[in-house]
Amino acid sequence: MAVAALPAFRTKAFIDGRFRDAASGETFITENPATGQPIATIASGGAGDIDAAVAAARRAFDDGRWSRRAPAERKEVLLRFADLLEANLEELALLDSLEGGKPITDTREVDVPDAVRTYRWFAEAIDKVFDAVAPTGPDALGLIVREPIGVVGAVVPWNFPLLMATWKAAPALAAGNSLIIKPARLTSMSALRMAEIASEAGLPDGVFNVVPGSGSEAGQALGRHMDVDMVTFTGSTETGRQFLHYSAESNLKEVALEMGGKSPQVVLADPPELDRVAEQVLLAGLMNMGENCSAGSRLLVHRSVRDDLVVHLVEGLKAWPVGDPLEAETRLGPMVEQPHLDKVLGYIEKGRAEGARIVTGGERTLTETGGYFVAPTIFDDVGNTMTIAREEIFGPVISLVPFDDEDEAIALANQTSYGLAASVYTTNLDRAIRFARAIRAGTVGVNAYSEGDITTPFGGYKESGFGGRDKGLEAFEQYTQKKTIWFALG
Ligand code: NDP
């Protein structure tokens with residue numbers, strides 16, 4: 001193991017500036033998916049704990065201790081918060097690696113640094129964004145001002161625990177809201193530690209609360225709460241739908257949904273060097289074990305380059321060792337839990353049964369560790385209507401669908417209920433632009449697998465989401481509401 005010592009785990013709910021047990025006294029156990037062994041016993045929050053967190057958040061919002069602070073003052077606190085997160089990088093990286101099975105190199109070099117950058121970026125933005133003056137005649141003055149929404153609930157997934165919580169928290173806090181995060185049951189500890197660090201940085205009590213617990217109890221209680229003004233969610237489309245029901249059946253709170261994907265990587269007949277394409281395609285399909293909403297899991301390839309590309313993909317897999325997530329050279333850790341392992345293996349079986357051909361992988365591996373590892377898997381001869389080309393597998397599985405011309409490629413790329421991301425690989429500029437315009441997805445990469453950076457909005461078309469965007473000034477906007485103040489002049 002490349003890590004010297006385990007940190008002290010934070011295992012209780014963080015409400016109104018302090019840690020506390022669940023009101024019911026109930027707990028659940030998290031485990032290390034690389035070994036199948038238990039890690040910690042976590043407070044299992046329920047409706048009572050959500051009530052307490054919402055009451056604390058509402059008090060904080062109404063008395064203005066954060067919501068009415070000058071943006072420049074909020075900026076100072078958030079910058080201090082980012083500095084403290086950075087100072088605790090190793091610990092935070094370790095927590096997500098232990099609970100999520102994520103390679104420590106990823107959490108050290110991507111997840112935590114990105115989270116730090118996100119807080120800094122929104123902190124720096126807030127005293128530079130101006131409101132508007134309406135183009136009235138001389139007898140009126142119309143101001144259009146942004147105000148924070150109020151109490152925001154964030155329900156986040158297990159695949160990027162710290163980073164997804166940050167994509168919600170940073171813009172929501174920057175805008176002056178109070179926040180309650182419900183982390184995924186499998187990965188609560190980095191969010192709990194983050195809340196403690198926020199408090200050390202000077203975020204007032206009640207502004208940043210974290211209530212661990214199950215989705216069906218704590219998550220639902222947040223979604224249905226009559227005093228929550230907005231819920232922002234990342235996770236499966238199925239659960240996202242539930243939040244619309246919760247909102248409709250309670251106080252019509254705003255809902256922003258970032259959900260699944262079945263994103264196409266499209267390699268046209270004139271791609272750049274195939275080793276470079278293969279590198280990006282593998283990154284798209286295997287990053288974070290494929291447990292990634294924007295995973296490029298559908299590989300559409302022009303028949304003329306398909307065989308060569310497959311050779312490069314198999315060669316490129318040498319750079320993707322599967323192993324102990326705590327070892328620096330590991331690039332593929334385990335699936336997050338046994339039921340998810342079973343689900344991914346079930347999809348692989350279905351792919352075989354429906355007639356796709358396994359090029360490499362296709363099985364569980366490193367079973368002796370007790371962990372939930374899957375060998376990186378490439379299917380060829382996949383039909384776009386097969387289950388593995390339609391449904392989100394959320395594992396290290398790439399499905400190659402061959403095509404014959406560009407129009408067919410566009411039709412295949414759009415033949416999905418999702419629309420989160422896509423990539424096109426071509427050396428022809430006209431084709432790249434035509435394709436980028438034709439594809440119905442929130443982000444299109446050209447000759448790269450990319451989600452952009454913190455300056456660009458991220459979110460989906462179709463069943464991949466709506467109601468807002470993560471990242472960019474769009475994210476800041478989504479945690480504000482607009483008020484018109486109209487002066488009739490005498
Ligand atoms: P979910 O959508 O179920 O979980 C995401 C979050 O929602 C978690 O905090 C979860 O809590 C919570 N939740 C679950 N059910 C409810 C509910 N009824 N009411 C309120 N909150 C709820 O994703 P899963 O973890 O179950 O993963 C299932 C599949 O979803 C994956 O295989 C993948 O296909 C997709 N997914 C997509 C993600 C993305 O980034 N777009 C992220 C994660 C999953 P709890 O921790 O208790 O489950």
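Assorted remarks:
- In segment 374-387, the qualifying residues are those that are surrounded by 24 or more Cβ atoms within 10 Å (Cβ to Cβ) and within 22 Å of Ser236 (Cβ to Cβ), and the one that is nearest to the ligand (Cβ to nearest atom) is Val374.
- Selection from segment 417-427 of residues that are in a loop (DSSP other than H, G, I, E, B) and more than 24 Å from the chain's Cα centre (by Cα): Thr426, Thr427
- For segment 24-72, a residue qualifies if it is acidic (Asp, Glu) and more than 28 Å from Ile104 (Cβ to Cβ), and the qualifying residues are Glu26, Asp49, Asp51, Asp62, Asp63.
- Within segment 205-214, tally of residues that are out of contact with any Pro (no Cβ under 7 Å at 6 or more places or on another chain) and buried (at least 19 other Cβ atoms within 10 Å of the Cβ): 6
- Checked against the criterion of being closer than 18 Å to Ser44 by Cα and of a type in the set (Lys, Arg), segment 148-169 has no qualifying residue.
- Any hit, segment 178-193, residues being over 19 Å from Thr232 (Cα atoms) and buried (at least 24 other Cβ atoms within 10 Å of the Cβ): yes
- Strands (runs of 3 or more DSSP E) enclosed by segment 240-341 - at least 2 residues per element that are touching a residue at least 60 places away in the same chain (Cβ under 8 Å), within 25 Å of the chain's Cα centre (by Cα) and within 16 Å of the ligand (Cβ to nearest atom): 254-258
- Looking across segment 428-484, just one residue is over 18 Å from Gly235 (Cβ atoms), small (Gly, Ala, Ser), assigned to a helix (DSSP H, G or I) and in contact (Cβ under 8 Å) with a residue 24 or more places away in the chain, and that is Ala438.
- Strands (runs of 3 or more DSSP E) lying entirely in segment 1-91 (those with 1 or more residues that are of a type in the set (A, V, I, L, M), under 25 Å from the mean Cα position of the chain (by Cα) and surrounded by 15 or more Cβ atoms within 10 Å (Cβ to Cβ)): 13-15, 37-43
- Listed by first and then second residue, the pairs linking a residue in segment 159-188 that is more than 18 Å from Leu89 (Cβ to Cβ) to a residue that is polar (S, T, N, Q) and within 7 Å of the ligand (Cβ to nearest atom), with Cβ atoms under 6 Å apart and 6 or more places separating them unless they lie on different chains, are Arg185/Ser214.
- Exactly one residue among Arg59, Arg120 is in contact (Cβ under 8 Å) with a residue 60 or more places away in the chain and of a type outside the set (A, V, I, L, M), and that residue is Arg59.
- When residues of segment 213-237 are limited to those that are under 16 Å from the mean Cα position of the chain (by Cα) and on the phi < 0 side of the Ramachandran plot, the one farthest from the ligand (Cβ to nearest atom): Thr232
- Only one of Arg431, Arg437 that is surrounded by fewer than 16 Cβ atoms within 10 Å (Cβ to Cβ), over 30 Å from Thr365 (Cβ atoms) and away from the ligand (no atom under 16 Å from the Cβ): Arg437
- Taking segment 124-173 as the range and being among the hydroxyl-bearing types (Ser, Thr, Tyr) and within 16 Å of the ligand (Cβ to nearest atom) as the test, only Thr166 passes.
- Any hit, segment 400-416, residues being at pLDDT 95 or above, assigned to a strand (DSSP E or B), within 16 Å of the ligand (Cβ to nearest atom) and under 29 Å from Met335 (Cβ atoms): no
- Checking Thr107 against (1) more than 20 Å from Ala165 (Cα to Cα); (2) in a helix (DSSP H, G or I); (3) of a type outside the set (Phe, Trp, Tyr), the condition it does not meet: (1)
The values are calculated or read from the model by the stated rules, or taken from the named source; none is laboratory data. This one's a predicted model, so the numbers in the text were calculated from it and none came from an experiment. Note: ideal-geometry Cβ built from the backbone for every residue, glycine included; neighbour counts use all protein chains shown.
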